[in-house]
Amino acid sequence: MGQDIFIKILRYNPNNSQIGHNETFRIEANNNSTILEGLLQVYEKYDSTLAFSYGCRVKNCGLCAVNVDGKPHYACVTRIRDGMQISPLENLPVIKDLVFERRIFSKYLENFKPYVVREREPEALPEIINQPDEHTQLMSCRECFACMSSCPKYDYRQDHFGGPLAFVKLAQLHYDVRDSIDRVKQVKEMGILNCSGCSRCTCISGIPINKIVIKPFLDLLTAM
Ligand code: SF4
Ligand code: SF4
Ligand code: FES
């Protein structure tokens, strides 16, 4: 049996207002109910104009990340509790309520060929590829943008600093044995030198961004 709990959701529509406001909803939940289930209940029972995004429901697509009591979480796998405050990821361009614009970042990243560029075709097919451990770890990035929301230097209105997700995307390629582009030069163009002295990258999928992305790139650049 579920019990009634109350959650607060930050509502914001930039077309109607400059600032958001909290709305409280009573929903039914049990010990295993997730935040995403709570949002779906609000949408179905009370307000079908609530904007939020999700896809896989199993921590795979990265679409459902929201701030919960001020910290980023995947809504689809985080248990919902009475009194929780749910808001959009910070520091990102909100379209409405919990949904933010991702295309600005995609357009920025396109300038850096964010895909494998090979020098040579494979010698034989099927090709056997042995990727380093760092590559495997980095491929668990779900592009949820949580790290971008906690970066003190990222500003989506400017493109002098790519931000942690951009560095992660280029690090995937840097470690990829098939790729031939100088990704170190690219992260320098993205402004990674601004990361010196900062180690605040936080990944909600558990990728050690500082250890396998920021620090190795900075070490390579200072050794040049
Ligand atoms: S090290 Fe700091 S400034 Fe650099 S990407 Fe991570 S959080 Fe942002
Ligand atoms: S590095 Fe982690 S926090 Fe950043 S987008 Fe990828 S999965 Fe999300
Ligand atoms: S819905 Fe896909 S990660 Fe949560």
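The values are calculated or read from the model by the stated rules, or taken from the named source; none is laboratory data. As the structure is a computational prediction, the values presented were derived from the model and not from experiment. Every residue, glycine as well, gets a Cβ built from its backbone with ideal geometry; the counts of neighbours run over all protein chains shown.
Being touching a residue at least 60 places away in the same chain (Cβ under 8 Å) and in contact with a helix residue (DSSP H, G or I) (Cβ under 9 Å, 6 or more places away or on another chain) is the filter; apply it to the stretch 158-179 and report the residue that is farthest from ligand 2 (Cβ to nearest atom).
ASP179
What's the total number of residues in the stretch 94-140 that are within 25 Å of LEU40 (Cα to Cα), part of a loop (DSSP other than H, G, I, E, B) and touching a Gly at 6+ places or on another chain (Cβ under 9 Å)?
Residues meeting the conditions: 1.
Just a yes or no: is a residue in the stretch 168-176 within 16 Å of ligand 3 (Cβ to nearest atom), assigned by TED's automatic domain parsing to the domain that holds LYS107 and under 15 Å from the mean Cα position of the chain (by Cα)? Spell out the reasoning first.
Our first condition is that a residue be within 16 Å of ligand 3 (Cβ to nearest atom); within the stretch 168-176, this holds for none.
There is no residue in the stretch 168-176 that is within 16 Å of ligand 3 (Cβ to nearest atom), assigned by TED's automatic domain parsing to the domain that holds LYS107 and under 15 Å from the mean Cα position of the chain (by Cα).
List pairs: first in the stretch 129-145 and under 11 Å from ASP176 (Cβ atoms), second within 7 Å of ligand 2 (Cβ to nearest atom), Cβ under 7 Å, 6+ apart or cross-chain?
Matching pairs, first to second residue: LEU138/VAL168; LEU138/ILE207.
What are the residues in the stretch 113-145 that are aliphatic (A, V, I, L, M) and closer than 20 Å to VAL187 by Cβ, if any?
Within the stretch 113-145, VAL116, VAL117, LEU138, MET139 qualify.
With (1) part of a helix (DSSP H, G or I); (2) within 11 Å of ligand 1 (Cβ to nearest atom) as the list, and TYR154 as the residue in question, which single condition is left unmet?
So TYR154 meets the others, but not (1).
Among the residues of the stretch 180-224, what is the count of those that are within 12 Å of ligand 2 (Cβ to nearest atom), touching a Phe, Trp or Tyr at 6+ places or on another chain (Cβ under 7 Å) and in a helix (DSSP H, G or I)?
Residues meeting the conditions: 2.
Out of everything in the stretch 49-75 that is over 13 Å from the mean Cα position of the chain (by Cα) and of a type in the set (D, E, K, R), what residue ends up being surrounded by the fewest Cβ atoms within 10 Å (Cβ to Cβ)?
If we take residues in the stretch 49-75 being over 13 Å from the mean Cα position of the chain (by Cα) and of a type in the set (D, E, K, R), then ASP69 is surrounded by the fewest Cβ atoms within 10 Å (Cβ to Cβ).
Taking CYS195, is it in contact (Cβ under 8 Å) with a residue 24 or more places away in the chain and within 13 Å of the chain's Cα centre (by Cα)? Let's see the steps before the verdict.
Details: in contact (Cβ under 8 Å) with a residue 24 or more places away in the chain: yes; within 13 Å of the chain's Cα centre (by Cα): no.
Taking the combined requirement at face value, the residue does not satisfy it.
Given the conditions (1) out of contact with any Phe, Trp or Tyr (no Cβ under 8 Å at 6 or more places or on another chain); (2) within 16 Å of ligand 3 (Cβ to nearest atom); (3) within 17 Å of CYS195 (Cα to Cα), and given that SER150 satisfies all but one, which numbered condition is not satisfied?
Here SER150 meets the rest and fails (2).
Is one or more of the residues making up the stretch 50-69 among the aromatic types (Phe, Trp, Tyr) and over 26 Å from CYS151 (Cβ atoms)?
Looking through the stretch 50-69, none of the residues is among the aromatic types (Phe, Trp, Tyr) and over 26 Å from CYS151 (Cβ atoms).
Restricting to the stretch 52-81, and then to whatever is assigned to a strand (DSSP E or B) and in contact (Cβ under 8 Å) with a residue 40 or more places away in the chain, can you tell me which residue is nearest to ligand 1 (Cβ to nearest atom)?
It comes out as PRO72.
For LEU109, all conditions in the list (1) assigned by TED's automatic domain parsing to the domain that holds ASN22; (2) within 16 Å of ligand 2 (Cβ to nearest atom) hold save one; what is the number of the exception?
All conditions are met except number (1).
Can you tell which of ASN67, ASN60 is within 7 Å of ligand 3 (Cβ to nearest atom) and out of contact with any Gly (no Cβ under 8 Å at 6 or more places or on another chain)?
Residue meeting the stated conditions: ASN60.
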